[in-house]
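Here, each number is a calculation from the coordinates, and none is a lab measurement. Given the structure is predicted, the values throughout are model-derived calculations rather than measurements. Here the Cβ positions follow ideal geometry from the backbone for every residue, glycine too, while neighbour counts run over all protein chains shown.
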Amino acid sequence: MQRRKLGNSGLEVSALGYGAMGISFGYGPAMEKSAAIALIRGAVERGVALFDTAEAYGAFNEEVVGEALAPVRELVVIALAWVLAQKPWIVPIPGTTKLHRLEENVRAADVQLDADDFRKIANALANVTVVGDRYPAHLEARAGK
């Protein structure tokens, strides 16, 4: 797993983080505790060292993340916010409850795009009309607070 430095602090994390919201909130029923711990530890085994959780997802979420990371605390960073992958010092934090999706996310961190790739993506995006809300209304109401 590639590593990135965040800001000017010198803090180094994995090039891809893990968003833990779906463990207990947002994607349906909460995961079973042992499955959630196994998923988080699977992320660590694959090189993920940045984990996003928040009190807003409920106490179960943070307790499970804490328990899962306790044995490897020195290897990971717990983030309290999500970031976008727009600059080399910004780290994306996708969330999933499926190990195979986590593996896809980890492999994506190794993809290298060149100037032609960026041009093609920009051209394709220019033809896309974004519609709909980012979040369901009950989650949108929590944003920005």
Quiz item: Sequence-distant or interchain residues sharing an amide H contact under 5 Å with R3, placed H: which?
Solution: A15
Quiz prompt | Whole-Hz couplings from phi, Karplus 6.51/-1.76/1.60, listed for region 19-28; x for Gly and Pro | solution = x, 8, 3, x, 4, 9, 7, x, 10, x
Practice problem: Determine, from the Cβ-Cβ distance of L11 and R73 and an R0 of 22 Å, the FRET efficiency 1/(1 + (r/R0)^6), rounded to the nearest 0.05. | Solution: 0.90
Exercise. Figure the gain on full extension for D116 and E45 (residue separation times 0.36 nm, minus the Cα-Cα span) and round it to one decimal in nm.
Key: 22.2 nm
Quiz prompt | Residues with amide H under 5 Å from that of L50, placed H, sequence gap 5 or more | solution = S14, Y18, V77
Quiz item: Tally Lys/Arg at +1 and Asp/Glu at -1 over every other residue whose Cβ is under 10 Å from the Cβ of T96; what's the total?
Solution: 0
